[in-house]
Amino acid sequence: MSAPLLHLEKVTMQFGGLKAVCDFELAIRPGELVGLIGPNGAGKTTVFNVITGVYTPTRGRVMLDGAQVSGLKANRIACRGVTRTFQNIRLFPRLTCLDNVAVAAHQHRKAGLASALFGTNAFQRDEALLRAQSLEMLQVLGLGDYADAMATELAYGQQRRLEIARALAGRPKLLLLDEPAAGLNPQESEELMRLITEIRRRFSLTILLIEHDMKVVMGICERIAVLDYGLMIAEGSPSEIRSNPKVIEAYLGEDTAHA
Amino acid sequence: MKRFLAPAITLVALLALNQSLPRFLNPYYFQVLILVGINITLAVSLNLVNGFTGQFSIGHAGFMAAGAYGSAMFTMTFGQKIAAAMIAAHLPPVVAQGAMLLASLLLGGGLAAIFGYLVGLPSLRLRGDYLAIVTLGFGEIIRVIILNVDAVGGARGLPGIPQWANFFWVFLVAAIVIGLAVNLANSTHGRALFAIRDDEIAAEALGVDTTAYKVTAFVLGSFFAGVAGGLFAHYLSYLNPSTFTFLKSIEVIAMVVLGGMGSITGSVLAAIVLTLLPEALRAVKDYRMVLYALMLIILMITRPQGLMGTRELSWALFGGRRRGGSK
């Protein structure tokens, strides 16, 4: 067993009187694909926000590669190799698809502000490289033809893929996908599953994924954690989760589970 | 070598126009032209903040005032003496005065930039409209301070600033600001600013240090507002605090919005239109400002995205470089 890439140590996130997440423990080893599921309002997205530094946990720590990242600003955590997509798509509407992706690659630039302002040769080289890399990332996600289209001109499913391309351009070690299959039709979900498997292999990624589409979750995740009212109620392989009475109860209600 | 072509042509053209224009234009038209140049600098520099980065600053006149008074005070206490000494050492007056003007502009801009940093850092760390309130306050504070400090003339104003700025300097600065803004817009840094404008949370999650970028854009904008103020001081040779009211800030905002938020061409175009319009309307006397306001309203109704939207004139058209660079 290798050391965990991401380790949430007894993370609690409290908003006033509401404990959105309570004593949450999760360790993800390099290369794993882990699913995070739970009914609406269970605290899944809060967990993402804690990992990415949008929130600093009230108690507990987030460790990345053995170093504490909780308390760092979101952009620092992103630069340490954690990028994400959003549940409600957050693209840059007034930028082209290529520029959307290039923004994420920005942390890997070398030329400074002064050389950009004066358009030095070093800057031009840097910029050309960045564009080439961003275009390549679009091609990987099958959006190569839309490089110069505005992000908002894409179809919904394509926008979801563009968000993944953008997250990948930050060259993450850990990719967080927040409901990537939301709003996709069954055929698009199939494609998405293939795509996630493909990028995981290609970029040797570790992935944590929130998803409601059980077909997707059960189909590609190796391990699943279940949250309900901020508490982790189960963790295990897809087949274990499927037959876990607590999970069934959380999803379907008490009566059904005991019936 | 192509990279240096456009700046070289600009420089030669500016020098030629500087010599020839005063002979053709009557002094009134010439002064309006100078004001156009200064307003282009103001509008493009504010566009870096309001248009590129999507922050709302309404204190541009304050930074302009800081630069104007800062550079004027430098020139009147040191610059003039140093220039006189340089002329006594047989340097041509154009060179001596030019060097001292440049020094005063850099100092004025630097002073405005320092104020920009002090004002920007606390207010730009937050998301939202704090910057608007803080810059509104800052603009008024600067004006009231100037009004009450006798050393800079107080309410009487500050006369006797040497008239060192001319067509060449005013439009050189305007050209530099435009050039830098174009380079910025086509760079990684510019994209980071646009990303902040479009979605700050997403930008932050992708590793963009939003605070640092917002402050940088704001300081850069403040610097050039200060430089524009310095040019203003050294062209009119008289400063009065009533020039730098809240209305002046609004005027510059109107240029940015009318031109199209984020469009450099738009800012330039709107700076020209909004400087010429009130002058052209002098013919209708009392109805001047009524018509001016009416035209603004009509323009905003018919083109709410501004004259240029977020688009630019193709710079390739003028033989300039396009993004990606030329070999």
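The values are calculated or read from the model by the stated rules, or taken from the named source; none is laboratory data. Keep in mind that what you see is a predicted model, and the values were worked out from it rather than measured. Don't worry about glycine lacking a Cβ; one is built from the backbone with ideal geometry, like all the others, and counts go over all protein chains shown.
Things to note:
- Just one residue in the set A:Val34, A:Val54, A:Val50 is surrounded by 22 or more Cβ atoms within 10 Å (Cβ to Cβ) and either touching a His at 6+ places or on another chain (Cβ under 8 Å) or not aromatic (Phe, Trp, Tyr) (or both); that residue is A:Val50.
- Residue check, B:Ile145 surrounded by fewer than 22 Cβ atoms within 10 Å (Cβ to Cβ) and within 21 Å of the chain's Cα centre (by Cα): no
- Looking only at residues of region B:254-268 that are hydrophobic (A, V, I, L, M, F, W, C) and within 14 Å of chain A (Cβ to nearest Cβ), we find that the one that is surrounded by the most Cβ atoms within 10 Å (Cβ to Cβ) is B:Ile264.
- Of A:Glu211, A:Glu163, A:Glu153, A:Glu179, all but one fail to be modelled with pLDDT of 90 or more and surrounded by fewer than 18 Cβ atoms within 10 Å (Cβ to Cβ); the exception is A:Glu153.
- Qualifying residue in region A:14-27 (condition: out of contact with any strand residue (DSSP E or B) (no Cβ under 7 Å at 6 or more places or on another chain), surrounded by fewer than 16 Cβ atoms within 10 Å (Cβ to Cβ) and assigned to a loop (DSSP other than H, G, I, E, B)): yes
- Test: residue in region A:82-94 that is more than 10 Å from chain B (Cβ to nearest Cβ) and either within 25 Å of the chain's Cα centre (by Cα) or free of Cβ contacts under 8 Å to residues at least 12 places away in the same chain (or both): yes
- Evaluated against (1) touching a residue at least 40 places away in the same chain (Cβ under 8 Å); (2) within 13 Å of chain A (Cβ to nearest Cβ), B:Leu136 falls short on exactly one condition, (2).
- The residues on offer are A:Arg166, A:Arg171, and the sole one that is closer than 23 Å to A:Asn49 by Cβ, charged (D, E, K, R) and in a loop (DSSP other than H, G, I, E, B) is A:Arg171.
- Against the list (1) part of a helix (DSSP H, G or I); (2) out of contact with any Pro (no Cβ under 7 Å at 6 or more places or on another chain), the condition B:Arg143 fails is (2).
- Residues satisfying the stated conditions in region B:289-302, i.e. free of Cβ contacts under 8 Å to residues at least 12 places away in the same chain, in contact with a helix residue (DSSP H, G or I) (Cβ under 8 Å, 6 or more places away or on another chain) and over 15 Å from B:Leu247 (Cβ atoms): B:Leu291
- Yes/no for B:Gly128 being crowded, with 18+ Cβ neighbours inside 10 Å and closer than 24 Å to B:Phe56 by Cβ: no
- Which numbered condition B:His90 misses (of (1) assigned to a helix (DSSP H, G or I); (2) over 22 Å from the mean Cα position of the chain (by Cα)): (1)
- Among the numbered conditions (1) facing another protein chain (nearest Cβ under 7 Å); (2) surrounded by fewer than 15 Cβ atoms within 10 Å (Cβ to Cβ), the only one that A:Asn75 does not meet is (2).
- Residue, farthest from the other protein chains (Cβ to nearest Cβ), within region A:57-71, restricted to residues that are surrounded by fewer than 18 Cβ atoms within 10 Å (Cβ to Cβ) and more than 11 Å from A:Leu6 (Cα to Cα): A:Arg59
- Wholly within region A:60-149, helices (runs of 4 or more DSSP H) carrying at least 1 residues that are touching a Cys at 6+ places or on another chain (Cβ under 7 Å) and among the hydrophobic types (A, V, I, L, M, F, W, C): A:121-140
- Checking each residue in region B:258-313 for being acidic (Asp, Glu) and closer than 18 Å to B:Gln31 by Cα picks out only B:Glu279.
- Test: residue in region B:159-168 that is of a type in the set (Phe, Trp, Tyr) and part of a helix (DSSP H, G or I): yes
- B:Ala174 being buried (at least 24 other Cβ atoms within 10 Å of the Cβ) and either assigned to a helix (DSSP H, G or I) or at the interface with another protein chain (Cβ under 7 Å from one of its Cβ atoms) (or both): yes
- Residue pairs whose Cβ atoms lie under 6 Å apart, sitting 6 or more positions apart in sequence or on different chains, and linking a residue in region B:192-221 that is at the interface with chain A (Cβ under 7 Å from one of its Cβ atoms) and closer than 14 Å to B:Phe56 by Cα to a partner that is of a type in the set (A, V, I, L, M, F, W, C) and surrounded by 23 or more Cβ atoms within 10 Å (Cβ to Cβ), are B:Asp198/A:Phe92.
- Residue list for region A:109-124, filter: within 9 Å of another protein chain (Cβ to nearest Cβ) and in contact (Cβ under 8 Å) with a residue 12 or more places away in the chain: A:Arg109, A:Ala111, A:Phe123
- Qualifying residue in region A:174-196 (condition: over 12 Å from the mean Cα position of the chain (by Cα), more than 27 Å from B:Asp209 (Cα to Cα) and basic (Lys, Arg)): yes
- Flag if B:Phe56 is assigned to a helix (DSSP H, G or I) and among the aromatic types (Phe, Trp, Tyr): no
- Residues in region B:95-133 that are more than 17 Å from the chain's Cα centre (by Cα) and either without any contact (Cβ under 8 Å) to a residue 24 or more places away in the chain or in a loop (DSSP other than H, G, I, E, B) (or both): 13 in all.
- Screening A:Ile196, A:Ile224, A:Ile207, A:Ile233 for residues that are assigned to a helix (DSSP H, G or I), among the hydrophobic types (A, V, I, L, M, F, W, C) and at negative phi leaves exactly one candidate, A:Ile196.
- Residues of region B:285-306 satisfying the condition of being over 15 Å from B:Ile253 (Cα atoms) and exposed (fewer than 12 other Cβ atoms within 10 Å of the Cβ): B:Lys285, B:Asp286, B:Tyr287, B:Met289, B:Val290, B:Leu294, B:Ile298, B:Ile301, B:Thr302
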